[in-house]
Structures are given as C-alpha cells and as structure tokens.
Amino acid sequence: MGLFDFFKKKTETKFSSSVSEKELNNNKTNTEPILSSQEKSNRITTSTFNSVDFQTEACAIALWKIKENNYRRDPAIRELENIGLDNNQVRIIMDKVTFFVNEDLNEKFTANIGITPTLFDSENYQNQILVKAENWYQEELTNYGFVKFKLLEEDLNITQADLVISKLSLKVAEMVKNFQSELDSGFISEIKIQPNPEHKKGNVDKEQIDKYIGYGAYQMDRGDLENALELFDKAIELDEKATLAYANKGKLYSLQNDNDKALYFINKALEIEPNHPQILNNKVDILFDLLTENKITEAEFISIIKEILSKDSENPNALIYIIQYYLGQKEIDNAKASAKKLFKNYYTEQISTQLLLSTFAVLPIEDALQEFEIFEKELNEDAKYQLNYAKGLYLKGMGKFEDAINLYNTLNKLHPFSWNYYQIAIMKNLQGKTDECFQFLKQTFNLEPELKEDAKHYYELQNLSNHSEFIQLTKV
C-alpha cells in the first residue's frame with residue numbers, strides 16, 4: 001500500500017482534503033465534532049472577525065474604497081480580500097456597509113432640489129429613468145448604491161432616487177423569479193456568455209478582464225466547461241498575465257480529469273504569482289491526483305510538497321500530506337511541528353484535529369499529555385477550546401474515561417456544546433452506565449436534535465439499538 005492510499009479521492013480542488021473512515025491508528029479515537037465548519041483559508045480568525053472593533057474598521061475600509069471609486073463595489077471587495085477576509089466574511093462586511101453607503105449618499109446629495117414633480121411623475125420620464133437605472137445596474141451588477149449615485153448625479157433628489165431604486169428592485173426580483181422558473185421548467189436549457197469581439201488587448205481595463213474570469217468561474221460552477229474555457233481564454237488574450245485565468249483553466253482541466261493539462265496551467269499561474277496561497281493549494285490537489293494515477297512517484301510528490309512549503313509554510317493541503325509522510329518515516333518531531341502548525345491555523349477543520357491526534361498517539365501517554373499542555377499556551381481562546389475537546393478524544397481513546405468526562409464537564413461550564421455531552425454519553429455507555437448515558441443523550445439532543453440520526457448509526461452505541469428508551473430518544 002502506498003503512503004497516501006488511505007486518502008479519499010477528491011472531486012474538488014479547494015481545501016477540503018479528508019482522510020477515509022480509517023480511524024486514527026490504534027487508539028480508535030473519533031473526531032467528528034468541530035466547533036465550526038467555516039473554512040479557515042485566511043488569516044483572520046473567527047474571534048477576531050466577530051469583534052466589534054474589527055468589523056467597524058473593515059466597514060470603514062470598504063466605505064472608503066467605495067467612495068474613492070464612485071460607489072463601485074469591486075475595489076472594496078478586493079481590498080477586503082487583501083487584508084485576509086474570506087468570501088463569506090467579505091459578504092458580511094459588504095452587506096453591513098450597504099447601510100453606510102446609503103447614509104453617505106443621502107448626506108452628500110442632501111442639497112439636491114430634484115426634478116420638478118410634473119416632469120418626474122410623467123410616464124415618459126419614468127420609463128426613461130428606469131431604463132437608465134437598469135443600464136447602470138447591469139454595469140455594476142447587484143450594486144444599488146452605484147445606481148443611486150448615478151441617479152443623484154442626474155439631479156434627482158433623495159426621495160426621487162429611492163423611488164426609482166424601489167421600482168428597479170421590484171423589476172429585478174420579477175426578472176429573477178421568471179428566469180428561475182424557466183430554468184426549472186427546462187424552457188431555458190443553457191446559458192452562454194459570449195466574449196465581446198470588440199474587446200482587444202490594450203482597449204479594456206482590468207475590471208473587464210476580471211469580469212471575464214468571474215463569468216468563466218460562474219459557467220464552470222454551472223458545468224458549462226466549454227463556455228468557461230472560452231471566457232478564460234478571452235481574459236488571457238486581453239492580459240497574458242491574468243493569473244486567475246490560468247489558475248481557473250487548471251481547475252477546469254482537473255474537473256475533466258486531465259491533470260497533466262491542469263498542472264501545466266497551474267504552473268503558468270504560479271510563474272506570475274509564485275507564492276499565491278490558493279493556487280499553491282490547488283497545485284497540491286492536482287499533484288495528489290497525478291500520484292493516484294501513478295503519473296508521479298511518492299518521492300516526486302513529497303519533493304514538490306516540500307518545495308511548496310518552502311514558499312508557503314502554512315499551506316494547509318501541503319501540511320496534511322507532509323504530516324502523514326513524516327509519521328510514515330517515523331520523523332515524529334517533524335510530524336509534531338507540522339501538525340501543530342496546521343491545527344493552530346485551521347483548528348476548525350476536522351482533518352487538523354485528526355492529524356494532531358494521530359501524531360500525539362505515537363507518543364508515550366505522559367509525553368502526549370505534556371504536549372497538550374505546552375501547545376495550549378500557544379493558542380487563542382477558541383483554539384484552546386477545540387484543543388481541549390481533542391484532548392478529551394485522546395483520553396477517551398486511551399481508555400481514560402473519567403479523565404475525559406471531567407474535561408468535557410469543565411468545557412461545558414465554559415460553553416455548553418452538544419458534542420461534549422455526546423461524548424460523555426458514549427463513554428457512559430462504554431462503562432455500562434446505560435441510565436446515565438440516556439441522561440447525557442437527552443442533553444445532547446436538546447442542543448442539537450440532528451445528532452439523533454447520527455446516534456442511530458454510531459458504532460459505540462449500537463448495543464442500544466433495540467433498547468426502547470434509546471428508540472424513543474432518537475425518534476425524529
């Protein structure tokens with residue numbers, strides 16, 4: 001068996017590598033629960049992002065970039081990405097800043113007298129201004145702030161601009177509803193986005209090139225790979241250094257299982273931006289696919305993984321593989337250092353917990369427990385909680401049920417968590433304390449009813465499957 005045979009074959013090229021159902025070597029530790037499912041592909045922790053001070057500052061940055069660019073959103077989005085926010089965090093900030101954009105526009109154009117009521121209310125003017133609003137909306141898609149800015153520049157007053165925006169939003173909603181209905185019914189079977197033949201190198205700006213890449217990514221997500229490829233090629237035609245166009249072509253070819261071409265275009269992207277974290281991450285995925293296809297050897301795979309880590313020492317996918325390599329080679333200190341680095345940055349990912357426990361499991365128990373204590377001092381509060389949850393799993397795997405139960409009870413005093421109760425219930429069952437097991441299962445299901453289905457199939461609860469009270473407790 002090859003070193004990485006136990007890794008599942010991935011179907012996507014984003015950070016989500018996972019191990020198979022094989023448990024964490026001989027300790028049979030289970031690591032299902034993770035406090036958050038949010039991907040940690042950035043450097044902004046959840047606790048930092050959720051702080052009032054950080055969100056206030058992020059909103060201020062976004063508003064500044066929006067105002068600086070005539071109320072266009074894309075520069076603000078790029079600025080937020082540059083400071084380390086992921087897509088979901090960017091969306092949250094941009095949603096919040098919408099209110100401040102509107103307030104800023106109201107203040108900036110408060111002196112606008114407006115169009116005379118007779119003219120404004122006329123059918124002809126209403127039709128004309130709505131067409132203009134639709135065109136502005138198409139120019140800056142989903143950005144009503146930009147449309148309002150353009151309306152106010154047309155000398156409408158704030159009330160008039162808001163009335164036009166209201167009509168526009170109703171029309172857009174109706175168009176979306178009709179479009180979705182036609183898609184669902186099959187009346188529309190395909191969507192094609194054609195590159196504009198008038199767009200030539202040198203006569204379009206970066207924003208238009210980015211749109212081609214964005215449209216291509218949209219079509220790729222929809223499964224129209226032919227149209228996506230056409231759009232990525234158009235972006236490259238307009239700018240031979242369009243990094244993300246090459247990177248997305250790499251992803252597209254990986255979706256077609258043409259991993260040789262995929263690697264070629266990923267490498268083309270990295271020639272332009274050698275240290276781009278996400279592209280390096282995608283390269284790891286493609287290399288793994290080439291490894292499973294026997295097109296590269298394990299030695300070649302590890303050599304490139306080490307090269308990637310020399311450019312991005314915190315690359316999550318590369319760390320996942322190098323940890324397993326070090327464990328297989330009995331290089332425990334290297335495995336330990338890499339596992340800690342992965343957990344520290346990506347502690348909300350299940351694989352990070354699994355690999356940390358796999359590493360600590362090869363240590364003598366006293367050494368492993370000492371490692372937990374030392375490592376805890378290096379972590380923030382959220383990560384400490386997750387580490388202690390993992391420590392409970394370790395203790396459970398070592399048969400130290402009472403120590404694990406005491407730890408989970410302590411964690412519940414800090415913050416009640418369904419999986420803490422769930423693990424206690426499982427250990428009570430393993431101890432033969434059925435009534436106590438049911439008490440903790442009740443607390444588990446009160447916090448997270450969805451775990452009822454999990455409990456029905458959980459291997460350490462199978463002895464209860466015919467018990468009347470267990471059947472009643474797990475009834476959905």
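The values are calculated or read from the model by the stated rules, or taken from the named source; none is laboratory data. None of these values were measured; they are calculated from a predicted model. Heads up, the Cβs are rebuilt from the backbone with ideal geometry, glycines too, and the neighbour counts pull from every protein chain shown. Surface areas here come from the heavy atoms of the whole protein model, side chains and all, with no ligands, DNA or RNA. Shrake-Rupley method; radii C 1.70, N 1.55, O 1.52, S 1.80 Å.
General observations
- Sole residue being at pLDDT below 95, at negative phi and among the aromatic types (Phe, Trp, Tyr), chosen from Phe265, Phe288: Phe288
- Residues that are closer than 20 Å to Glu139 by Cα, open to solvent by less than 20 Å² (accessible area, probe 1.4 Å) and either part of a helix (DSSP H, G or I) or of a type in the set (Asp, Glu) (or both) within the stretch 56-74 comprise Ala62, Ile66, listed in sequence order.
- Considering the stretch 380-425, the residues that are of a type in the set (Asp, Glu) and over 21 Å from Leu355 (Cα atoms) include one that is surrounded by the most Cβ atoms within 10 Å (Cβ to Cβ), namely Asp403.
- In the stretch 347-358, the residues that are within 13 Å of Leu387 (Cβ to Cβ) and of a type in the set (Val, Ile, Thr): Thr348, Thr353
- Subset of the stretch 430-444 (residues that are open to solvent by 10 Å² or more (accessible area, probe 1.4 Å) and either in a helix (DSSP H, G or I) or in contact (Cβ under 8 Å) with a residue 24 or more places away in the chain (or both)): Leu430, Gln431, Thr434, Asp435, Glu436, Gln439, Phe440, Lys442, Gln443
- Meets criteria (touching a Lys or Arg at 6+ places or on another chain (Cβ under 9 Å), within 23 Å of Asp233 (Cα to Cα) and open to solvent by 20 Å² or more (accessible area, probe 1.4 Å)) for Asn257: no
- Residues in the stretch 359-370 that are out of contact with any helix residue (DSSP H, G or I) (no Cβ under 6 Å at 6 or more places or on another chain), farther than 10 Å from Lys391 by Cα and in a helix (DSSP H, G or I): 4 in all.
- Just one of (1) modelled with pLDDT of 95 or more; (2) part of a helix (DSSP H, G or I) fails for Ser310. It is (1).
- The set of residues in the stretch 303-321 that are among the hydrophobic types (A, V, I, L, M, F, W, C), buried (at least 20 other Cβ atoms within 10 Å of the Cβ) and farther than 16 Å from Ile266 by Cα comprises Leu319, Ile320.
- Taken over the stretch 247-258, residues that are in a helix (DSSP H, G or I) and more than 21 Å from the chain's Cα centre (by Cα) amount to 1.
- Screening Leu395, Leu407, Leu461 for residues that are free of Cβ contacts under 8 Å to residues at least 40 places away in the same chain, of a type outside the set (Phe, Trp, Tyr), in a helix (DSSP H, G or I) and more than 22 Å from Glu373 (Cβ to Cβ) leaves exactly one candidate, Leu461.
- Boolean, Lys241 is closer than 17 Å to Leu229 by Cβ and at pLDDT below 95: no
- Condition check for Phe146: in contact with an Asp or Glu (Cβ under 7 Å, 6 or more places away or on another chain), of a type in the set (Phe, Trp, Tyr) and either at pLDDT below 90 or under 29 Å from Lys65 (Cβ atoms) (or both): yes
- For Gly328, the criteria (1) surrounded by fewer than 16 Cβ atoms within 10 Å (Cβ to Cβ); (2) in contact with a Lys or Arg (Cβ under 6 Å, 6 or more places away or on another chain); (3) not acidic (Asp, Glu) hold in every case but one, which is (2).
- From Ala235, Ala228, Ala173, Ala217, residue being open to solvent by less than 70 Å² (accessible area, probe 1.4 Å) and closer than 25 Å to Ala318 by Cβ: Ala217
- Residue list for the stretch 189-228, filter: in a helix (DSSP H, G or I) and of a type in the set (Asp, Glu): Glu207, Asp210, Asp221, Glu226
- Looking across the stretch 285-300, the residues that are touching a residue at least 40 places away in the same chain (Cβ under 8 Å), hydrophobic (A, V, I, L, M, F, W, C) and out of contact with any Asp or Glu (no Cβ under 8 Å at 6 or more places or on another chain) come down to Ile286, Phe288.
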